[in-house]
6 protein chains.
Amino acid sequence: MSIKKAIFPGSFDPFTLGHSNIVFRSLALFDEVVIGIGNNSSKVRYFELNYMIAKIQEVFKNHPQVSVMAFEGLTADFAQSQNAKFLIRGLRNTTDFEYENTIAQANKYLWKELETVFLITDPLLASISSTLIRDIHKYKKDVNNFLPYQL
Amino acid sequence: MSIKKAIFPGSFDPFTLGHSNIVFRSLALFDEVVIGIGNNSSKVRYFELNYMIAKIQEVFKNHPQVSVMAFEGLTADFAQSQNAKFLIRGLRNTTDFEYENTIAQANKYLWKELETVFLITDPLLASISSTLIRDIHKYKKDVNNFLPYQL
Amino acid sequence: MSIKKAIFPGSFDPFTLGHSNIVFRSLALFDEVVIGIGNNSSKVRYFELNYMIAKIQEVFKNHPQVSVMAFEGLTADFAQSQNAKFLIRGLRNTTDFEYENTIAQANKYLWKELETVFLITDPLLASISSTLIRDIHKYKKDVNNFLPYQL
Amino acid sequence: MSIKKAIFPGSFDPFTLGHSNIVFRSLALFDEVVIGIGNNSSKVRYFELNYMIAKIQEVFKNHPQVSVMAFEGLTADFAQSQNAKFLIRGLRNTTDFEYENTIAQANKYLWKELETVFLITDPLLASISSTLIRDIHKYKKDVNNFLPYQL
Amino acid sequence: MSIKKAIFPGSFDPFTLGHSNIVFRSLALFDEVVIGIGNNSSKVRYFELNYMIAKIQEVFKNHPQVSVMAFEGLTADFAQSQNAKFLIRGLRNTTDFEYENTIAQANKYLWKELETVFLITDPLLASISSTLIRDIHKYKKDVNNFLPYQL
Amino acid sequence: MSIKKAIFPGSFDPFTLGHSNIVFRSLALFDEVVIGIGNNSSKVRYFELNYMIAKIQEVFKNHPQVSVMAFEGLTADFAQSQNAKFLIRGLRNTTDFEYENTIAQANKYLWKELETVFLITDPLLASISSTLIRDIHKYKKDVNNFLPYQL
């Protein structure tokens, strides 16, 4: 049995309880999981990149098989550079599905050996999105209930 | 690393190229895959159960980690009886997604440790359904192009 | 302010926690709610009609504004016979939405004054369907966790 | 310019205002349109086949480029036997789309030259379905408002 | 019977015939309806806020139970400040449904007593969107047919 | 038989294999096809307009019934100015369908005689989008496999 290594890519602005739930569940499938924060230099983040990396590391401090890295460029290239043949994605609803379907085909085109594996988001967490959390946080309301760490 | 064992459940009436594609891809993820043919005694099959089991075995004869079994009752119970903590499902489109989402939650309720893992069907194969193949076969047209074996 | 009376129609075979959740929430909107069990004589029920009526009555015994009735024929006709200008429907997902959209237009055609009001099902309960419960019950597994009463 | 001939296939049990709307609009595209009533001998019709053919002929009596025929077997075979390289389908909603997408790919497989052309149903008519009309008619209510002819 | 008060929130840039149709229908359900124009200071409106408020007031001048207000911040906070326990939303299609589903869960989280009530948009009006009207107006075409007032 | 002329509108930034596949298939239906590049002066293109026009002309150089033009303003106005009573659109998935449904109704409103005709995208090409190609090209990867010409 070879090592099974997967990337969990996203912008994670911020990383939510929905995201951590997917990572914890994926540990039953994979030997190593790299949380890859896509860093698009032309897009301004709401939560600072290094702050978010530190927060995610805190969540998984007792899970050495989980690591966090920022990357620039295409997700498929990042996966290949990490020698990770799997992408993990959470599906919340049909809009997610259609978007992810397109992306998964493209990633396979960019690197033939790359397989995208989908887990369905826990229904309790499906309405938590990073966009929503930013909207609420902007108005100084507490969002810690949506996060696997304290801001 | 423990053995990762998965069930690929379905009625497989018949087992199609879409199905075999999902099984072959899932071998990168799992150490053992059991193709479980749900056998509902009140529903008449178009292709006989034992004939289909033999055809599927032929497809995977060089892959000892793949086996085929019929089962009665709930999929979650079958998975538990096989000590297989994963279900594999292929997603073709959003209608599939909504149906599978409901079933996956129910299966998790029936056995807490059961995780459903989704792969997206190869777009070339997404329009192949067992229903369609039966409809074509009924009119004596050749369906072997849709199957990973010859009828 | 006139009395606001609504019908909550369905086959309720069985009535689930998802159904009772919708009825309890609709009490904030309506003064009277009639749970209408559509009774199609050509379709055999899994749970007997009178048994189900008794179980539902038990759930709402402290809510005199909720009643239960069986009806034959079209839902719009039943609503009109009850002088109830509202239909209540729960939405679980997009498949539900498209189906309900069609039905709501037809009901409005059959009785111009009939308005269908939708509440979204609690995400925790969205995977509970009557079909699923019957499937589980058939195999002698406990389904009481999905019901607002004990079988 | 060669003659452009299309099939508009369906069970038309009954043929509705939504169907006639699609046929009339398709006359801007095609030189000949054959309304093909798929006749599955194992399925009992609600409205008799010859009665429905007569009603449809009445609707198009001033449009000699429209004809009506019953057929058995696969739609693609019927189209080929008529030398009609186009299928016309109306789309009402996303559920229709996913179903038709699958069927269109299969038909293309069965006859490479067959192209399916989609028109979107007039929103006013999108909630009219043959199933709905049968349900209403069963209870002795008037359905003539949904039909391009009188029953 | 307590007073039933609802918020109909939106950016209403502009307020369309689809919006007025939902408000008029909701008057059968609610004793008071507040049309709340979410005013995001960082987003430039196409139609000026005060102009739109005046136009909407004109539409409902004979319906004293309907009022119009601008608000900043979260919709759930605005509803709570108005002591309105209901949000009204119109659903046009499945894309709307998935978006609204997420928002409704979030609003309930922000204020436990807040219930979102959905009406399905009249099919004749479902293709009218504020975005579309702005696109047409930009090119100096008449859009008054889409509006319950004259620009 | 009158000349059947159609517009295939889009931003085509860039024109893809999916687009050319739709145009080639539409030649069986239409006598003339105008590829109309909507040119919104406030939106910066990734691929220059004249460069793209030249590339598209190259693809159809042996098909004199296909032409390419840029246009400003509403698609319905452009179609009318060209005396083209048909719009051609490709459908990839349900998200496309809902969007196109809305646009088709609006276009019909703007010009009563305008009919939108839909073809379903070849499944092999359905994951190719202009957005995706720009994303890949930005990172200096080869995208010529997605295009009916060489960049």
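The values are calculated or read from the model by the stated rules, or taken from the named source; none is laboratory data. All values reported here derive from a predicted model rather than from experimental measurement. Every residue, glycine as well, gets a Cβ built from its backbone with ideal geometry; the counts of neighbours run over all protein chains shown.
Hey, does segment E:92-100 have a residue that's away from chain A (no Cβ under 14 Å), buried (at least 18 other Cβ atoms within 10 Å of the Cβ) and assigned to a helix (DSSP H, G or I)? Taking every residue of segment E:92-100 in turn, none turns out to be away from chain A (no Cβ under 14 Å), buried (at least 18 other Cβ atoms within 10 Å of the Cβ) and assigned to a helix (DSSP H, G or I).
Within this structure, residue C:36 passes the test of being without any contact (Cβ under 8 Å) to a residue 60 or more places away in the chain and either buried (at least 19 other Cβ atoms within 10 Å of the Cβ) or out of contact with any Ser or Thr (no Cβ under 9 Å at 6 or more places or on another chain) (or both). Here is a list of conditions, (1) hydroxyl-bearing (Ser, Thr, Tyr); (2) over 12 Å from the mean Cα position of the chain (by Cα); (3) under 20 Å from residue D:118 (Cα atoms), and residue F:26 meets all of them except one; can you say which number that is? So residue F:26 meets the others, but not (2). Answer yes or no as to whether residue C:50 is out of contact with any helix residue (DSSP H, G or I) (no Cβ under 7 Å at 6 or more places or on another chain), within 24 Å of residue C:102 (Cβ to Cβ), without any contact (Cβ under 8 Å) to a residue 60 or more places away in the chain and of a type in the set (S, T, N, Q). For residue C:50, the condition - out of contact with any helix residue (DSSP H, G or I) (no Cβ under 7 Å at 6 or more places or on another chain), within 24 Å of residue C:102 (Cβ to Cβ), without any contact (Cβ under 8 Å) to a residue 60 or more places away in the chain and of a type in the set (S, T, N, Q) - is not met. For segment D:111-142, the candidate set comprises residues that are in contact with a strand residue (DSSP E or B) (Cβ under 7 Å, 6 or more places away or on another chain) and either assigned to a helix (DSSP H, G or I) or not aliphatic (A, V, I, L, M) (or both); within that set, the residue that is nearest to residue D:18 (Cα to Cα) is D:121.
Take segment E:126-142 and flag every residue that is buried (at least 19 other Cβ atoms within 10 Å of the Cβ), touching a residue at least 40 places away in the same chain (Cβ under 8 Å) and touching a helix residue (DSSP H, G or I) at 6+ places or on another chain (Cβ under 8 Å). Within segment E:126-142, E:126, E:128, E:133 meet the criteria. Listed conditions (1) surrounded by fewer than 16 Cβ atoms within 10 Å (Cβ to Cβ); (2) under 30 Å from residue F:95 (Cα atoms) are all met by residue D:117, apart from (1). Of the set (1) more than 21 Å from residue F:98 (Cα to Cα); (2) among the polar types (S, T, N, Q); (3) within 14 Å of chain D (Cβ to nearest Cβ), all apply to residue C:105 but (1). When residues in segment E:110-119 are screened for being modelled with pLDDT of 90 or more, within 9 Å of another protein chain (Cβ to nearest Cβ) and more than 14 Å from the chain's Cα centre (by Cα), 2 of them pass. The condition of being more than 25 Å from residue E:120 (Cα to Cα) and of a type outside the set (A, V, I, L, M) holds for only one of E:26, E:20, E:67, E:81, that being E:81.
The residues in segment E:90-125 that are touching a residue at least 60 places away in the same chain (Cβ under 8 Å) and over 30 Å from residue F:72 (Cα atoms) can be counted, and the count is 5.
None of E:41, E:26, E:81, E:2 is in contact (Cβ under 8 Å) with a residue 24 or more places away in the chain, surrounded by fewer than 20 Cβ atoms within 10 Å (Cβ to Cβ) and either within 27 Å of residue A:133 (Cβ to Cβ) or of a type in the set (Gly, Ala, Ser) (or both) except E:41. Would you check if residue D:25 is among the basic types (Lys, Arg), part of a helix (DSSP H, G or I) and within 24 Å of residue F:108 (Cβ to Cβ)? The answer is yes for residue D:25. Of all residues in segment A:120-146, those that are among the acidic types (Asp, Glu) and either at the interface with another protein chain (Cβ under 7 Å from one of its Cβ atoms) or within 19 Å of residue E:38 (Cβ to Cβ) (or both) total 1.
Just a yes or no: is a residue in segment F:27-48 touching an Asp or Glu at 6+ places or on another chain (Cβ under 9 Å) and within 13 Å of chain D (Cβ to nearest Cβ)? For segment F:27-48, residues touching an Asp or Glu at 6+ places or on another chain (Cβ under 9 Å) and within 13 Å of chain D (Cβ to nearest Cβ): present. For the subset of segment B:61-78 comprising residues that are within 14 Å of chain C (Cβ to nearest Cβ) and of a type outside the set (S, T, N, Q), which member is nearest to residue B:109 (Cα to Cα)? Filtering segment B:61-78 for residues that are within 14 Å of chain C (Cβ to nearest Cβ) and of a type outside the set (S, T, N, Q), the one nearest to residue B:109 (Cα to Cα) comes out as B:76. Among the residues of segment E:5-23, those that are surrounded by fewer than 21 Cβ atoms within 10 Å (Cβ to Cβ) and within 14 Å of chain C (Cβ to nearest Cβ) comprise E:5, E:21.
Counting the residues of segment A:28-84 that are modelled with pLDDT of 95 or more, of a type in the set (S, T, N, Q) and part of a helix (DSSP H, G or I) gives 4. Out of curiosity, is residue F:87 more than 14 Å from chain E (Cβ to nearest Cβ), assigned to a helix (DSSP H, G or I), within 30 Å of residue B:92 (Cβ to Cβ) and in contact with a Ser or Thr (Cβ under 8 Å, 6 or more places away or on another chain)? Against the criterion (more than 14 Å from chain E (Cβ to nearest Cβ), assigned to a helix (DSSP H, G or I), within 30 Å of residue B:92 (Cβ to Cβ) and in contact with a Ser or Thr (Cβ under 8 Å, 6 or more places away or on another chain)), residue F:87 does not qualify.
If we scan segment A:58-73, do we find a residue that is farther than 29 Å from residue B:27 by Cα and buried (at least 22 other Cβ atoms within 10 Å of the Cβ)? Checking segment A:58-73: not a single residue is farther than 29 Å from residue B:27 by Cα and buried (at least 22 other Cβ atoms within 10 Å of the Cβ).
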